[in-house]
Every structure is written in structure tokens, then in C-alpha cells.
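Worksheet: one structure, shown below.
Rule-based calculations on the coordinates, nothing more; no lab input. Predicted, not measured: the structure shown is a model, and the values here were computed from it.
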Amino acid sequence: MRVPRLVGLMAMDARRTAEATGLFLNAPDRPGLRFQQTMVDYVVRQYPQPNAEVPRDSVIYVWFDFGEGEGGGGVREPRLPRPSGGGMQRELDEPGDELTLRPA
């Protein structure tokens, strides 16, 4: 039996798809999770990969969160330092320019 593609599906849809093909789901990043009708998280990774051959009643592992360093949406908070709230500011001269331009 071939493993269906579950990445991108909501948890409840992934469960239905797996059960329809005679497979079971397990979520290592959510221990004790019950795949309920109201769960709206999306599958971001699965193992085994889609189209892999597995015996009936096999367990498919799915993850709902990206692990450390695996991607995701990135940082959404503003980065520091924030721009100043004032208007235009004078650009400062480079250090040492003052001494080199002065006649000896």
C-alpha cells in the first residue's frame, strides 16, 4: 500500500486520509494528541514520504511544527535597533577625516 501525501493537510483531513487507506497517524511533536474534528493545525512534515510502500495498519508520523533550523515563517517581530523617531539627521564625518583635511 502506498503512503498518501499528508503535508499541507489539516490534522483532521490527514487523519481521514490515513484511515481511508488503512494507516494510522502519530505526532511525535505532540505527545498524547488526539486527532479531533476541531483541530486546525497543518501537517508540515511526514515519515515515511508520500508514495512509499508500507504494509496495511502501518503508522505514519506527522509533524505540525518545524524543528529548530528547518524553516518556517521566520521572525515577525521588529528587529532592533529601531529607526529613530526624529526627522532627518546629519551624516557624521568618518573618523580621522578632520585631521587629514587640515593643512599642516
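A few comments on the model shown:
- Amide H contacts under 5 Å for residue 52: 3, restricted to partners 5 or more places along the chain or on a different chain, H placed in the peptide plane at 1.01 Å from N.
- Remark on residue 9: its backbone amide H falls under 5 Å from those of 43, a criterion applied only to residues 5 or more positions apart or on other chains, H modelled at 1.01 Å from N.
- When restricted to Cα atoms, the stretch 1-51 yields an Rg and a Dmax of 10.2, 28 Å, respectively.
- Here's how it looks for residue 60: its modeled amide H is under 5 Å from those of 24, 25, 26, which are all 5 or more places away or on a different chain.
- Residue-wise HN-Hα coupling along the stretch 6-22, computed from phi with Karplus coefficients 6.51, -1.76, 1.60 (Hz; x: Gly, Pro): 10, 4, x, 8, 5, 3, 5, 6, 5, 4, 4, 5, 5, 5, 5, 9, x
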